[in-house]
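Comments concern the structure below.
The values are calculated or read from the model by the stated rules, or taken from the named source; none is laboratory data. Please read all numbers here as calculations on a predicted model, not as lab measurements. Cβ atoms come from the backbone with ideal geometry, glycine included; neighbour counts cover every protein chain shown.
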Amino acid sequence: MRSTNSMTLTARAADLLLHRETAIAATLLCAALLYLLEGALNHMPFVMLCVLAIATMLFLLSRRLYFSIYTALTVTTLLSIASVLKYRTKGFDLHIYDVVFTGTDPKAFAFLLDGFKIYILPFAGLLMASIAVLAFVFIRDRKLSITPLKRSGLVAATVALIPVSYPLHAEEPRYFHYLGGYNASAFFISFLDLRDATFGQGNAERFANMPAAEPFAAAGECETTGSKPDLFVVLSESQADLSRLDQYGIGQQFSGQFESADGKRRKLRVETFAGGTWISNFSLMTGLSSLEFGWRAPYLTTSLEGKVHQSLATELSRCGYRTAVLMPMDHGFVNEGPFLKSLGFDEILDYDRIGASEYAHRDRFYFEAARAFIEEHRRTDGRPLFLEVQTMFAHSPYSDLLADAEPESASESGIFELDEYVRRVAQSQRDFRWFIDQAENESASHPAIILEFGDHQSFATRDVMTELNPDFALYDLGSPAYLTYFTVHGIGTDVDMRPFDFASLDIAYLGVSLIEAAGLDISPMFSDLAALRDHCEGKMYFCQDRAAVNRHLKKRITSNYLTIE
């Protein structure tokens, strides 16, 4: 009896799903959902033609009409939902390179699985349920006797219509589309980037078309005659200047913080929002704007490995420094470890080497690991030290209350993610103060300069910032969404603050400014970079004199300091 009832229910489900009206209703509902996720009506012809292209290709292979329709709708919807989740946490839509790079990077995948279970597990459940339903439809859907020629014609006609519906202007950079939260179309548009990369189009051609430029003079010996202070750079993960956030009492809580030793607060312009720490670190270490490479910005640690031959590491090595980076992630995460080694860094202290047991230790853990390395270095190596310390405690997600933060750090907005973020930043700033105190305790024998900066803003403050500032827009790289901060502290040594004194400083100039502030000799290339900073008033990609920026880039290429393929 139960078997008969089960067979009846299965038959009824099949009859319902394999029905013309049901397929039409599903298509209309899916189109409405995709429109909500896209937010732009004029993009919908492109989106729905992409759905139709997937359906016709599946129909060509399977001859099953309903299976092809439902699978195309499901795939597009799941991709769009994944894009929404990525955009919410990273400020960048889903891209085909997320499959090419991140999807094939086990370290990156492990990090996402560990840190974003709240998103991944429900999505995985939805995916499994979808596969089960589609498998049922596949089994019950009968093959149609339509010739391969006609099925191929449907594919060809649909694919031919897609370029006509393309939602961007011909010369409009696709990079800005991915910043706009167009979650239904972004993944499909990104296939054009894969095409360009495959056939060598894009950046190489643009750089090649720049006017010819003479190479830089060769860098000689470092002629710094005075003392060489240790240089410590602290990458304060996901932090912005919360003393400027005048809502829910947050600004008052951080009053007097995010200031340099001279009492000034300084703005840093970065090129990523809510994620992509390695993008900011790329610019710091190379003196290059990631925006010069368009949509490739999130993938430069892979695509430019071994192709940047003059960097902050090589500049400081020339002046006798030992160079090292302490990072919370595995050496191979988004290929950052190998990329930094290719820039000339002597040491990469990664997740395993510092004895990490999770991805979001309190920042004190990273500072203590840094102190252990510093003390070992001073026992065994007489060179001055450059060390970058990357932190992690303020990183998303903020769905859980992380341990080890003092209770008085709490915000009272009533918005859990915002309050948890504020609590973590407050603790991170206290831990940073501890690191400064350790340096001050030995300032007489080991003078140092400590530069701290926020790598990007957090999505936890996006809604509040949008309310306070109507110019806050992720699609506008000149908006306040891309402003963080940096602080500079001289420990037992004088610091020339003039290289930092701009209305805002682009992160690509932060490294050369630190070198100048320390009074170190700089090579011709870095001297030209500093001159470009002054000429462009702290701006790089958005410098009003675009020809000056192009000239500097071309000179790097001509000098074989930058290889573009």
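What the table shows:
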item: Evaluation of Tyr70 against (1) buried (at least 19 other Cβ atoms within 10 Å of the Cβ); (2) closer than 22 Å to Pro167 by Cβ (one fails), failing number; result: (2)
item: Candidates Glu221, Glu305, filtered to the one that is farther than 27 Å from Phe92 by Cα and charged (D, E, K, R); result: Glu221
item: Residue, nearest to Asp496 (Cα to Cα), within the range 423-451, restricted to residues that are buried (at least 19 other Cβ atoms within 10 Å of the Cβ) and among the polar types (S, T, N, Q); result: Gln429
item: Breaking point among (1) surrounded by fewer than 23 Cβ atoms within 10 Å (Cβ to Cβ); (2) part of a strand (DSSP E or B), for Met329; result: (2)
item: From Glu375, Glu388, residue being at pLDDT 95 or above, surrounded by fewer than 16 Cβ atoms within 10 Å (Cβ to Cβ) and assigned by TED's automatic domain parsing to the domain that holds Glu440; result: Glu375
item: Restricting the range 60-111 to residues that are at pLDDT below 80, polar (S, T, N, Q) and within 27 Å of Gln239 (Cα to Cα), the residue that is farthest from the chain's Cα centre (by Cα); result: Thr102
item: Among residues of the range 457-475, those that are under 14 Å from Thr272 (Cβ atoms) and in a loop (DSSP other than H, G, I, E, B), counted; result: 4
item: Test: residue in the range 174-182 that is among the hydrophobic types (A, V, I, L, M, F, W, C) and touching a helix residue (DSSP H, G or I) at 6+ places or on another chain (Cβ under 7 Å); result: no
item: Selected residue [at pLDDT 95 or above, surrounded by fewer than 23 Cβ atoms within 10 Å (Cβ to Cβ) and in contact with a Lys or Arg (Cβ under 9 Å, 6 or more places away or on another chain)] from Arg244, Arg265; result: Arg265
item: Check on Ile515, under 23 Å from Thr323 (Cβ atoms) and over 20 Å from the mean Cα position of the chain (by Cα); result: yes
item: Residue ID - nearest to the chain's Cα centre (by Cα), chosen from residues in the range 246-295 that are in a loop (DSSP other than H, G, I, E, B) and of a type in the set (Lys, Arg); result: Arg265
item: The range 344-364: number of residues that are closer than 21 Å to Glu442 by Cβ and crowded, with 21+ Cβ neighbours inside 10 Å; result: 2
item: Test: residue in the range 500-509 that is outside the structural domain of Thr286 (by TED's automatic domain parsing), more than 22 Å from the chain's Cα centre (by Cα) and crowded, with 23+ Cβ neighbours inside 10 Å; result: no
item: Any helices (runs of 4 or more DSSP H) falling wholly within the range 491-565 and containing at least 1 residues that are hydroxyl-bearing (Ser, Thr, Tyr), on the phi < 0 side of the Ramachandran plot and touching a residue at least 60 places away in the same chain (Cβ under 8 Å); result: 546-558
item: Any chance Lys228 is outside the structural domain of Val325 (by TED's automatic domain parsing) and out of contact with any strand residue (DSSP E or B) (no Cβ under 8 Å at 6 or more places or on another chain); result: yes
item: Unique residue being surrounded by 18 or more Cβ atoms within 10 Å (Cβ to Cβ) and either more than 25 Å from the chain's Cα centre (by Cα) or modelled with pLDDT under 90 (or both) when the list is Gly180, Gly200; result: Gly180
item: Unique residue being in contact with a His (Cβ under 6 Å, 6 or more places away or on another chain) and over 20 Å from Ile374 (Cβ atoms) when the list is Phe273, Phe258; result: Phe273
item: Scan of the range 225-240 for residues that are buried (at least 18 other Cβ atoms within 10 Å of the Cβ) and either out of contact with any Asp or Glu (no Cβ under 9 Å at 6 or more places or on another chain) or within 24 Å of Ala518 (Cβ to Cβ) (or both), ordered by number; result: Lys228, Pro229, Asp230, Leu231, Phe232, Val233, Val234, Leu235, Ser236, Gln239, Ala240
